[in-house]
Amino acid sequence: MSDLLPYPPLDPTTYDLIIVGTGVPSSILAAGASSSGSSVLHLDPNPFYGSHFASLSLPDLTSFLNSNSLSPPPSNTHDFLSVDLVNRSLYSSVEISTFEPETLEQHSRTFNIDLCGPRAVFCADESINLMLKSGSNSYVEFKSVDASFVGDSSGELRNVPDSRGAIFKDKGLTLLEKNQLMKFFKLVQTHLASSSTEHDETAVKVMSEEDMESPFVEFLSKMRLPQKIKSIILYGIAMLDHDQDNTEETCEHVLKTKEGIDRLALYITSISRFSNAHGALMYPMYGQGELPQAFCRRAAVKGCVYVLRMPVTALLLDKASVRLASGQEIFSQKLVMDPCVNIGLESLSSLTDQQKETLRVLVPKETSSKEKIARGICIIRGSVKAEISNALVVFPPKSLFPEQLTAVRVLQLGSGLAVCPPDMHALYLSTVCGDDNQGKTAVLSAISTLIRPQVPEDLQTDSIAENDTAVTKPVVIWRALYVQELVKGEFGGEISSTSSPDGNLNYNEIVESAMKLYEQLMGNKELFKEETENTAEEDDGDGVEIED
Amino acid sequence: MELEIINQTPIKPAAFSINCTKQPLSLSLSLSLSLSLSLESRCYVTLADQKFESHTLAYLTFVSYHRRNMHGRPRKAYKPEEEAASAAKAAKLRGLQSQFMANHHNKIYTKEAVDLSTKLLEINPEAYTAWNYRKLAVEDKLSGIESDPDLVKTILDEELRVVESALKQNFKSYGAWHHRKWVLSKGNSSVGNELRLLDNFQKLDTRNFHAWNYRRFVVELTKRSEQDELEYTDDMIGSDFSNYSAWHNRSVLLSSLLARKADGFLPNKKIPDEYKLVQNAIFTDEDDQSGWFYHLWLLDQTVNVETPLLTSSWPSHSSRISLYAGCSKGSFSKLTTFGSESGSFPLVLYFDQAVGGVSSSTVTIDSELKGNEDLVWEPVSKKNSQVSCVWVARLKYISSEPCFGKEYKVKVRVGNSPGIVSSRGCNFSASYEFVFTAHVHDTVEESSQDGIVSWKDGFDIWDAESKDLNALATLDRSNAQMDSKWRQEAIAEEIDLFRELPDSKIGKLTLARLLMAKAMISDDAVKGVHYNEILELYKDLMALDSSHYQYYKDEHSVALLRKVTSSTEDLSGHLFRCRNMNNSVCLRLNNLSLSRIASVEKLLFVQMLDLSHNELHSTEGLEAMQLLSCLNLSHNRIRSFSSLDSLRHLKQLRVLDVSHNHIGEHSVDTTRYLCSSPLSNSEWPQDEVGSQMPSLVTKYWDAYFVLRDLNLKQLDITGNVIAGDEFSSFVLQVAPKLVWLDGKKLEI
């Protein structure tokens, strides 16, 4: 036991709730439960906050992506009520290429690279509401994402005309297209205004029930919007992943008008929410990893106990306790686990059916049919669009190559956000995919559209300055490609689990499932109920700190 | 002591204005606020800018608008504790105010006293008296220190600081902005600061008109270039294209830059660019007014030329006119025949905009007709106005020397020497010369012609060849307007574009205006098609938008008249000869539901005009038709004789039919005037009739003014409320030469 001495023993040893993993949903739960007066122990096997939502330096990121099934040694004391836990990796097909190691070495301390990118938040997102409600907003500073573009295989990036002013200034749309698009936005706004006063029966319904149930893409056609604009709305504003035009093949992914309007509403309200924000999207300074940390800090203020580098090695079923890597046993009736924690195969075989039922959220599941998310990270010198640092680029389905099934989203972030050194940008890419190859093909295709092709290794050192023809495109310094498994959080009574990062741009689905889990765990207690001192601030639009 | 001061000084308004800013809007509140302001401004008018008073009305509407809805920002309700705080503030202010007023009255300008006013103004920037007090205090200090630049700077900087903090309290305070101007006019400030301050205020509310006004002031003071300011409007419009203030400032700046032909600001290059800019605003949000206003301004810039032009004349260029002594009988084949008892004929000049300075020196006449050396040019316009579109001079053709049976060439040169200036101050530059021939006949017929003129029969269809009508054609505008190509192109592009804009009222209206503009500046051949489209558009608009019906109706009338006068073919369909009237030229525009008169410049030759069965409210425009002798206005919507005022200029008018109108139906609302009728104003010269029957003149003063100046032989007034025995007897007095009244021959 002497090698475990670095861990001081925990005191107290009994908690209302133990949470393992410090991802966004776990952190929200920890902050929520602590705020409502529960005693919470929040553990993370990693030496950093955020789990799969963390922002890391390049070496840390590389080692995290490559850490395969980091299973702690099986427990020594094999009494049959102890169930061994293993950490498995959510990542596959990890592929990391370094093109300029010296440059990276030189700036090694200045990278804060997201594991779950590309990710940004809408100003009107539920995650922002929660931050304001909980008070964790005081720990994070945001900056606006300057621009959104829709791209295609030609490499041309078209502005997403997402507001009145943007439509006015847009140079790519014809006057008639501007007119049609603005009319559509107005229709949506009128609809939203009328539906917010729904109790008024005299209010004229702008959109019929029938329309609301129809596929969104059909509704857009009915509004006589040209294909170009439809594509902008579907993928550049509503942020859809799946091809909406090919409704027969993928009918499970077809968005209804009602949902489409909700997504537009989120976008529209985001634009006008904070007076000092430029657009709908914003990004936290120092990376997405700041968000889980902010909730954790809030939780710590409210009395939550934090221990990092502390894996849970086993569950002790009869004692309602867990055994930590330090060997200490901690007691709690409720346990929330990170999505990567599973029951070790050895232990699994010896469980009774009833025990399996109790532990169901930790039983490894068949993952063959599941959707995955292919992600890419490029550290580039230069920018994909001149004079713009922070930008979102969306490649709608079929825009890169005919077989492209899902949209590829690309988020470029600059040194202004303190995520990379000056003159460089971090470029995040992702696409939802059925298998690793399909996803990586799409991501690579987007990379090759935006970035200068790699030069052979032997020419690498002196080619950069000479290659005049493609000098406007940025050059890649470092690249990572990986495919991440999607795990949904589950409520399982005593033992529950949280979600892995999903394929969306924002955290809405993750926050939603975290809020639901909180309700199930804590009864009907409202999340961050008593934290009202910040809501008044929110009305004035200054609740979230956004740097100009 | 304190009570005394309260009674003397306007303390209440000051405290009141605090309440106003804190309480929810009620119109009466803001009304009394601005009233109190205007009272104060009058009290201290010696120091206050004169403009201040004229602003108060604008302020009234502005306040009520802003209190209700600050550019779309919802107003918050006030909580009880806030109201209590406001009451406490008012009480504190009252104390401050009374102390301050004591200082003011005793002319105490010590540091403590001035600091007190600072405190007062920082709480209530609306206290105009305090600003004036500070002005006095500054003057006092400045006079004491002579000319030590450092000290002057310190004093003025302090004033600027106080203004700035007052503006932070209320950036719509007139007093504060004015005080700042006053300080700057003292000549000491760093101007960079002013623009920075403005940027802040304009960020706060981009349409803050105080800031825009002040900006123009600072720009003028610092001689900042108009190009820089234009770029600033670029930015402001870019960030919010609904910013009407920015568009407006842009139009002002561009007007100036275009007028002085600044580098890169040629109309043919710049205006098409501006169309592109405003198109983006209009097409992005067609419900936003700002862009449309700017578009209208651009259209005006495209169509109208600054320099005044001669549009038409009578007699027209290369025409032949026949002149007779007296009202001659007999049949004439020539179109342009004129006879008059006075032995002179009118020479009419019609300009495209009101001009002044038409005189025998600016317009020279070269002819053998004697006695026309010093012609008197009169503007055909309202009394006392020295500018007009229409100018008339009377040329004598019967002088002491017999000159019958001769042809005289008359050469008229307009703008020979400079002096003809438009009301906007532009010179008539392109001098223009025209020549006509006057044939003076010697057949002197008996001058009295007492037969009744009937509008029903005795008319022959116009059979003259169109050649005759060509002589009537107006001067070709495009002669003078050398750079019309880009204008035509710009308008043609706009027309194509707005045809595509899906149905919206303003879109239709703009298309109609554009088509009208195109018709005005393009060749004759294509006009007809446009007019039909314009007429259809206005018909649609009348049906779509009933609240602006009359406007569309008027525009429809204008378009219809333009169409009628656009070609000789169109016009000849409406032209007749009146057999009973020496085959006079009669234009019949009856039953066209006209509500407004237009295109008069093309109808200067008309001697008989039938406008019956229309919807006219007024005869405005007809004053240019100097040859008109018979006018039929029956079955229209004339409501009073005042609406016929323009007829007073028609010296040839003998026959007038205003039967079946609405004259007398609505009495003129004299409560609007300070006196019951203009006659009670002693300045009006009394004549015989006025002194004979003062009561009737007072009752029918509007008829009196018109009929007195006319020389009518025949009048029809039946079918009006005013008609009756009393009125008839009055008419006989006022118009002694009348022979026919309501179809009956008068016994003389």
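Only helical DSSP H runs with n ≥ 4 go in: add -39500 (n - 2.57) per run for chain A, normalise by residue count and round the 222 nm mean residue ellipticity to 500 deg cm²/dmol.
-8500 deg cm²/dmol
For B:284-290, what's the mean count of beta carbons from other chains sitting within 10 Å of each residue's beta carbon?
Across the residues of B:284-290, the mean count of other-chain Cβ atoms within 10 Å is 5.
Using label points projected 7 Å from each Cα along Cα→Cβ, tell me how many nm separate B:Ser360 and A:Lys256, to one decimal.
Going from the B:Ser360 label point to the A:Lys256 one covers 9.1 nm.
Per residue of A:162-175, how many C-beta atoms from partner chains lie within 10 Å of its own C-beta, taken as a mean?
The shielding value for this peptide is 4.
So for region B:520-667, taking the charge dipole from beta-carbon charges (+1 Lys/Arg, -1 Asp/Glu), which of B:Ser547, B:Asn583, B:His660 sits furthest toward the positive end?
Going by the charge dipole, the pick is B:Asn583.
Along the charge dipole of chain A, pointing to its positive end and built from +1/-1 on Cβ of Lys, Arg, Asp and Glu, which listed residue (A:Gly492, A:Asn504, A:Ser108) has its Cα farthest out?
A:Asn504
B:Ser547: net charge of surrounding residues, Cβ under 14 Å, Lys/Arg +1, Asp/Glu -1, itself excluded?
Cβ neighbours under 14 Å give a net charge of +1.
Taking Rh as the Kirkwood radius computed over C-alpha pairs, what is the Stokes-Einstein D of region A:291-430 at 37 °C in a medium of viscosity 0.692 mPa s, expressed in µm² per second?
This corresponds to a translational diffusion coefficient of 165 µm²/s.
Going down the table (A:Lys258/B:Lys276; B:Lys111/B:Lys181; B:Lys261/B:Lys539; A:Lys473/B:Lys270), which pairs top 30 Å between alpha carbons?
A:Lys258/B:Lys276; B:Lys261/B:Lys539; A:Lys473/B:Lys270
I need the calculated FRET efficiency for the pair B:Asp300 and A:Thr190, taking r as the beta carbon distance and R₀ as 25 Å, to the nearest 0.05.
0.15
I'd like the mean, over residues of A:179-192, of how many other protein chain beta carbons sit within 10 Å of each residue's own Cβ.
What the average comes to for A:179-192 is 2.
If you add up the charges near B:Ser595, with Lys and Arg at +1 and Asp and Glu at -1, over every other residue whose beta carbon is less than 12 angstrom from its beta carbon, what do you get?
Cβ neighbours under 12 Å give a net charge of -1.
Simple spin-label model, 7 Å along Cα-to-Cβ: B:Ser567 to B:Asp457 in nm?
Distance between the two pseudo-spin positions: 3.5 nm.
Evaluate 2.2 N^0.38 Å with N set to the residue count of region A:226-315, then give the Cα radius of gyration divided by it.
1.65
What FRET efficiency do you get for B:Lys737 and B:Phe209 if R0 is 45 Å and r is their Cβ-Cβ distance, rounded to the nearest 0.05?
Efficiency computed from Cβ-Cβ geometry: 0.20.
What residue among A:Pro397, A:Gln293, A:Leu335 has its Cα farthest toward the positive end of the dipole of region A:285-439, where the charges are +1 on Lys, Arg and -1 on Asp, Glu, each on the Cβ?
Going by the Cα projections, it comes out as A:Gln293.
How do A:351-357, B:280-286, B:385-391, A:432-438 rank on mean C-beta neighbours within 10 Å, highest first?
Output ranking for A:351-357, B:280-286, B:385-391, A:432-438: B:280-286, B:385-391, A:432-438, A:351-357.
Going 7 Å from the Cα of B:Glu489 in the Cα-to-Cβ direction, what parts of region B:261-291 have a backbone nitrogen less than 15 Å from that spot?
Residues B:266-276 fall inside that zone.
Roughly how much of A:Glu156 is accessible, in Å² to the nearest 10, using a 1.4 Å probe?
Accessible surface of A:Glu156 is approximately 100 Å².
Please compute how much accessible surface disappears when B pairs with A, both sides summed, using a 1.4 Å probe, and round it to the nearest 100 Å².
1400
Given a 1.4 Å probe and every protein chain left where it sits, what share in percent of the accessible area of region A:211-284 is carbon and sulfur?
Roughly 49 percent, rounded to a whole number.
Give, rounded to the nearest 20 debye, the magnitude of the charge dipole that chain A has about its Cα centre when Lys and Arg contribute +1 at Cβ and Asp and Glu contribute -1 at Cβ.
Magnitude of the dipole: close to 540 debye.
For chain A, give me the percentage of DSSP beta bridges that are antiparallel, rounded to the nearest 5 percent.
Close to 75 percent.
The values are calculated or read from the model by the stated rules, or taken from the named source; none is laboratory data. Keep in mind that this is a model prediction, so the values were computed, not measured. All Cβ positions, glycine included, derive from the backbone under ideal geometry; neighbour counts span all protein chains shown. When the accessible area is computed, the model is the full protein with side chains, heavy atoms only, and any ligands, DNA or RNA have been set aside. Shrake-Rupley method; radii C 1.70, N 1.55, O 1.52, S 1.80 Å.
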